[in-house]
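Notes for the one structure printed next.
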Amino acid sequence: MSADHQTRTELDHTMSKRFIWAIAYGSSIGWGAFILPGDWLISSGTLGATLGITIGGLLMLIIAVGYGALTAKFPVSGGEFAFTYAGFGKVSAFIAAWFLVLGYICVVALNASAFSLLFKFVLPDFLEIGYLYTIAGWDVYIMEVVLSSAILVVFALISMKGSGLSGNLQFIFCMFMALVVSGLFVASFFSGEFALQNAEPLFNNEAGIWTSIILIVAIAPWMYVGFDNIPQAAEEFKFSADKTFKLIVFGIIASILTYVAMILVTSWIYPDQNSMDGAVWVTGSVIQSSMGTVGMVFLAFAISFGIFTGLNGFYMSSSRLIFAMGRANFVPAVFAKVHKKNKTPHYAVLFVLIVCLIAPWLGRTALSWIVDMSSVGVSVAFLATSAVSVKFFSAREHRNMVYVIFGGLGVIISLVFLVLLLFPGSPAALTAPSYYALLAWTVLGLIFLAVKYKTLKSMTKEELDYMILNKTREEAMHEKK
């Protein structure tokens, strides 16, 4: 291959199947399953929220078919970046990767902000020290900023240490989180004012059945983002990439069950969640009033584990994506450097940390803006990957109509998500601050692409193929497994 003069930095094979499953499950759950059920019940009702969560998960499983198939063909760092390059070239790859970087970084920032929210509920006097200002009705305190920033720094250091430490921690956190959720679900039958009629209203009476469900389905890309972290680490697998889809399925199913369990626990042990509208944390208030201190301690552990797995998983995936882009000169090459001892892309991790340190200064109201932007960024990547699946598996050498059909469905689903989020008349449309932030990110991406385009244009196709895919696109298209 005529790319011998290029140095291609590679990552070590250190990630086991249990770590990869824990990445998918832990990253998908994060803080949302424990912080947001009360908000979902108020906006959509018990059945509306449950159906929305379940439908969203099933739609993710459809999209995941293409992810599993393409990861088996392209087991390199970068995931969607590599897939889109193989299918549609460098400009499309940059667009997909740029929006996915946004999605991943948003989730890291969200988890750190959620950690301070937990403390704000459990120890309000501790955090309400050093008032700074108010943003969109939310008071920002210096102690809150310090706590969120500290947790970001801690998990950046863990991520820099290597996949051995982060992988073991990820699996342990996931196991504990699953046990705690199971325990809370069983205990809910014997706690507080448990009654099935407490689950009413089943849907938001004002919004109606359709809107109640669609409000939850629309944020499914954000809720289940995490299964797509697996392809980002494909280069580091200690096992065959053919097992990717199975691990993704197990991760998504576990996530659906966790989300639904927490919605039901919040719903049926307290008569009226709407009376708590405006509470700092509805689920926390319900658990505390129904299960007392013991229930609250278990819930605090669950959300802590969820936040830790989210931070750990998305530091890994975002840094690997940026590493892959740096290796191909789409972003500064410094991001492709790995630590001499730990063999991790530490400069990429550091970049994610620096960007995320902005979030704690914005207050909790900004969480909804960040969720919206994350959903858009991830949906763009889902669309690109699904389209590549259709193109790749339509080729004579790899013809597989099952993957083509699922890829086509994935394209439709992704487009629906984007319409729901971006069309002003949609019930799930972005708020104005989210539009402005998304526009700024898009403009920044265009500037970045313009600056780097000359460098990319100077590289031969063979060089780019080698740096991104570790083979030529033609070899990939004709390679049979």
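Of note:
- Packing order of peptides 322-335, 66-79, highest average first: 66-79, 322-335 (average count of other Cβ atoms within 10 Å over each peptide's residues).
- Members of LYS90/LYS341; LYS340/LYS457; LYS246/LYS457; LYS337/LYS454; LYS73/LYS343 lying beyond 28 Å, as alpha-carbon distances in this model show: LYS90/LYS341; LYS340/LYS457; LYS246/LYS457
- Peptides ranked, highest mean first, by Cβ atoms within 10 Å: ranges 41-53, 433-445: 41-53, 433-445
- C-alpha center-to-center spacing [segment 219-269, segment 323-385] in angstrom: 20 Å
- Cα-based equivalent ellipsoid of the chain: semi-axis lengths in Å, sorted from largest, via gyration tensor: 37, 24, 21
- Accessible carbon and sulfur surface of the chain relative to its total accessible area, %, 1.4 Å: 68 percent
- Positive-end extreme of charge dipole, segment 195-268 - chosen from ALA241, MET262, PRO201 (charges on Cβ): ALA241
- Cα centroid separation, segment 86-126 to segment 135-207: 15 Å.
- Protection proxy ranking of 379-390, 135-146 - average other beta-carbon atoms within 10 Å, highest first: 379-390, 135-146
- The accessible-area ordering, largest first, of the residues ILE95, ILE214 stands as ILE95, ILE214, per a 1.4 angstrom probe.
- Measuring nothing but alpha carbons in segment 1-78 and taking Rh as the Kirkwood radius, the Rg to Rh ratio lands at 1.17.
- Relative contact order of segment 92-235, defined on C-alpha pairs under 8 angstrom at six or more residues apart (%): 11 percent
- 16 Å cut-off, amide nitrogen to a point 7 angstrom out along THR460 Cα→Cβ, residues in segment 64-104: none
- For the chain, the solvent-accessible area works out to 38 Å² per residue, with a probe of 1.4 Å and every protein chain left in place.
- Simple Cβ-charge dipole of the chain, Lys/Arg +1 and Asp/Glu -1, about Cα centre, in debye nearest 20: 1800 debye
- Cross-link partners of LYS120 among lysines, defined as those whose alpha carbon lies under 20 angstrom from its own and excluding same-chain residues fewer than eight positions apart, are absent.
- Taking all protein chains as they are arranged and a probe of 1.4 Å, the heavy atoms of PHE393 leave approximately 10 Å² accessible to solvent.
The values are calculated or read from the model by the stated rules, or taken from the named source; none is laboratory data. This one's a predicted model, so the numbers in the text were calculated from it and none came from an experiment. Quick reminder, even Gly has a Cβ in these numbers, built from the backbone with ideal geometry, and neighbours come from all protein chains shown. The accessibility values were calculated without ligands, DNA or RNA, using every heavy atom of the protein model including side chains. Shrake-Rupley method; radii C 1.70, N 1.55, O 1.52, S 1.80 Å.
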